[in-house]
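Peer 1: Structure incoming, see below.
The values are calculated or read from the model by the stated rules, or taken from the named source; none is laboratory data. Model, not experiment: these values are computed from the prediction. Ideal geometry is used to build each Cβ from the backbone, glycine not excepted, and the neighbour counts take in all protein chains shown.
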Amino acid sequence: MTEDRSHLITRIFQDIEWQYRALCHGRMDLFFSDRNSDNRNQWLTPADRKAKALCARCPVRKECLEYGLGEEFGIWGGTRPPERRGLRRGRATVYELLDEMFEQAVSLGLVAREGAA
C-alpha cells in the first residue's frame with residue numbers, strides 16, 4: 001500500500017515558501033560574498049551595506065531573520081553573524097533588532113522612510 005505523503009510536501013513548501021517572496025531570491029552572491037559578513041567587528045563592508053539595504057525593504061525580513069538565527073555565515077534578515085549572536089544571547093528581541101536595522105539603513109541613506117520626500 002502506498003502512503004500519501006502530500007502533507008509532507010505541503011509542510012516543506014510552507015517552511016520555505018517565504019524564500020520565494022524574498023527580494024534577494026537568486027542573489028546569494030550579495031549575501032555570501034566571500035564570507036565578508038562574518039567579520040567580528042562592527043564595520044560594514046560594501047557588500048554588507050548593499051545586502052542590508054535590500055533587506056530593509058524586504059517583505060519577509062522577519063521570517064528570514066528567524067530562519068537565519070542559527071546560521072554562522074551570511075546576511076539573514078538584514079543581520080550579520082555578530083548581530084545574530086547578540087540575539088541568541090538574549091540582548092535584543094527580533095523586533096528591536098529589525099527596528100534598529102531600519103534606522104541604521106535610513107541614517108546611511110540606504111533607504112528612505114515611507115512618505116518622506
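Peer 1: Having 1 or more residues that are modelled with pLDDT under 75 is the bar; report the helices (runs of 4 or more DSSP H) wholly within the chain that clear it.
Peer 2: Qualifying helices (runs of 4 or more DSSP H): 6-21, 28-31, 81-88, 94-107.
Peer 1: Please list, ordered by first then second residue, the pairs with beta carbon atoms under 9 Å, 6 or more apart or interchain, first in region 70-98 and closer than 17 Å to V60 by Cβ and among the aromatic types (F, W, Y), second modelled with pLDDT of 70 or more and buried (at least 19 other Cβ atoms within 10 Å of the Cβ).
Peer 2: Close Cβ pairs satisfying both conditions: W76/F31; W76/C55; W76/C64; W76/L65; W76/G68; W76/R84.
Peer 1: Taking region 57-74 as the search range and keeping residues that are touching a Leu at 6+ places or on another chain (Cβ under 9 Å) and of a type in the set (D, E, K, R), which one is surrounded by the most Cβ atoms within 10 Å (Cβ to Cβ)?
Peer 2: Ranking the candidates gives R61 first.
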